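Read the structure below first, then the notes.
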Amino acid sequence: MAYWQVNKIKYIGPHQSLKSDLGFQYYNPEEIIGGKKMKDWLRFSVAYWHTFDQRLVDPFGDGTAIRPYDKYSDPMDQALAKVDAAFEFYDKLGVNYFSFHDRDLAPEGDTLRETNQNLDKIVDKIVEYQKTTGMKVLWNTSNLFNNPRFVAGAATSPYADIFAYSAAQLKHSLEIGKRVGAENYVFWGGREGYESLWNTDMKREQEHAARFFQMAKEYAKEIGFQAQMLLEPKPKEPTTHQYDFDAATTIAFMKEYNLDQDFKLNLEGNHANLAGHSYQHEIRVARTAGLLGSLDANQGDKLIGWDIDEYPSNLYETVAAMYEVVQEGQIGPHGGLNFDAKPRRSSFEPNDLFYGHIVGMDSFAAGLRVALKMKADHVLEDIINERYNSYNSGIGAQIEAGTVNFTDLEKYSLDKTQAQLRAATHSDHLEQIKDTINHYIIETLN
Ligand code: XLS
Ligand code: NI
Ligand code: NI
């Protein structure tokens, strides 16, 4: 039975029609570009929670979503039907990866034992599908934030029973990750933060979180689950302040607790914006530290101050993100672009899920094309090399080599005139650079 009333989404290329339809204009999966197949650069992943579970609620309204499997009264029957719908969706969209939380797949029972039984039944079905379709899991994760038991956090909960339960839940989630062959395992600290400092022992909570991550890593090793472990920063929402605030804060935490050997970062566009950063900034910080792991693809809206998880459509942002990826040579050792994104509440029909992924995939494919063209032409490399040229010889080279100290630099600088120092600086011509980038976007995609 077909759940989705569309044919397989194919690459049709640009110039056929300007109107968007159920086809890709920039994403051509098998095309070799920059030495790799496009699909291997991008490794798109469908997020189970947003695509199949999301009812399209907002803080003021109930769900509007119409989904083709909304006809079962028994939640397990619905969960099983959703797996069929999901695999048909992956096939029709033409993606090779998906990502999920444990609780996306199956309803909870009264005890963890019952919950695990429900979950295992669904995972059995997923594993069967994987055998016939070759579908892979970019990452799995554990939902340690929805249920009221996690009201004050999971690993950072002030209640030891909740820490213990979280560990037990995570243990099974790691076992599932191994069964489905997940390439990464993500930790987003849903409520790992605080509402108020007046009642919070921050140091103790952070130590608990670190211990939790260490135990997770130890258990993954014990069972031979080799996924790359990833932490996903987000500054706020749902808590007032989340401990994994942004890439830089999370890296400091990882280094403080010796987690930086085993963990890398999963970065998300909308989270970057909430932290007051661009997506590009977060990716740059991570890759500079050698800790870029994977990317959650979505975008926020300047006019709305929360995590709205829009499908990416802003080409300028995808160009900037893919510029970083192209410089790095890959998204991460096992990274991909997971669409942590959902349609607007007013886009409630089933096909809107396809249009959403199409605009997201085409936007990143277009970004990749532009970034590779800029790299091939050394546009920014030449500008950057020139900008730092004074460190390649003379006093600059000595500074970098560590062979001069403050006294030497005082001697070097003491009699330099205002005019000489002014002459040492050059205009950045930043507007010219931005105009050049615009030309690259327009011409590459033409
Ligand atoms: C929420 C997060 C979440 C993680 C997975 O804002 O983005 O969806 O990616 O738990
Ligand atoms: Ni995310
Ligand atoms: Ni998010």
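Below are the figures for this structure:
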{"quantity": "Test: residue in segment 178-188 that is out of contact with any Phe, Trp or Tyr (no Cβ under 6 Å at 6 or more places or on another chain), in a loop (DSSP other than H, G, I, E, B), within 16 Å of ligand 3 (Cβ to nearest atom) and at pLDDT 95 or above", "calculated": "yes"}
{"quantity": "Out of Glu205, Glu237, Glu232, Glu218, sole residue that is within 14 Å of ligand 1 (Cβ to nearest atom) and open to solvent by 20 Å² or more (accessible area, probe 1.4 Å)", "calculated": "Glu237"}
{"quantity": "Qualifying residue in segment 272-289 (condition: of a type in the set (S, T, N, Q), within 14 Å of ligand 1 (Cβ to nearest atom) and assigned to a loop (DSSP other than H, G, I, E, B))", "calculated": "no"}
{"quantity": "Strands (runs of 3 or more DSSP E) within segment 44-160 that include 2 or more residues within 16 Å of ligand 1 (Cβ to nearest atom) and surrounded by fewer than 17 Cβ atoms within 10 Å (Cβ to Cβ)", "calculated": "none"}
{"quantity": "Segments classed as helices (runs of 4 or more DSSP H), wholly inside segment 390-432, with at least 1 members that are touching a Cys at 6+ places or on another chain (Cβ under 7 Å), among the basic types (Lys, Arg) and open to solvent by 90 Å² or more (accessible area, probe 1.4 Å)", "calculated": "none"}
{"quantity": "Top-ranked residue of segment 4-39 - restricted to ones that are under 18 Å from Tyr323 (Cβ atoms) and not aromatic (Phe, Trp, Tyr), ranked as least open to solvent (accessible area, probe 1.4 Å)", "calculated": "Met38"}
{"quantity": "Residue that is most open to solvent (accessible area, probe 1.4 Å), among those in segment 299-327 that are part of a loop (DSSP other than H, G, I, E, B) and in contact (Cβ under 8 Å) with a residue 60 or more places away in the chain", "calculated": "Trp306"}
{"quantity": "Close pairs (8 angstrom Cβ cut-off, 6 or more residues apart or separate chains): of a type in the set (Phe, Trp, Tyr) in segment 213-229, part of a strand (DSSP E or B) anywhere", "calculated": "Phe213/Phe187; Phe213/Met229; Phe213/Leu231; Phe213/Phe263; Phe225/Tyr185"}
{"quantity": "The one condition in (1) within 20 Å of Asn338 (Cβ to Cβ); (2) assigned to a loop (DSSP other than H, G, I, E, B); (3) within 16 Å of ligand 3 (Cβ to nearest atom); (4) in contact with a Gly (Cβ under 6 Å, 6 or more places away or on another chain) that Pro233 fails to fulfil", "calculated": "(4)"}
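The values are calculated or read from the model by the stated rules, or taken from the named source; none is laboratory data. If you're wondering where the values come from, they're calculated on a predicted model, not measured in any experiment. With ideal geometry, Cβ positions are generated from the backbone for all residues, glycine too; neighbour counts draw on all protein chains shown. SASA here: full protein model, heavy atoms, side chains in, ligands and nucleic acids out. Shrake-Rupley method; radii C 1.70, N 1.55, O 1.52, S 1.80 Å.
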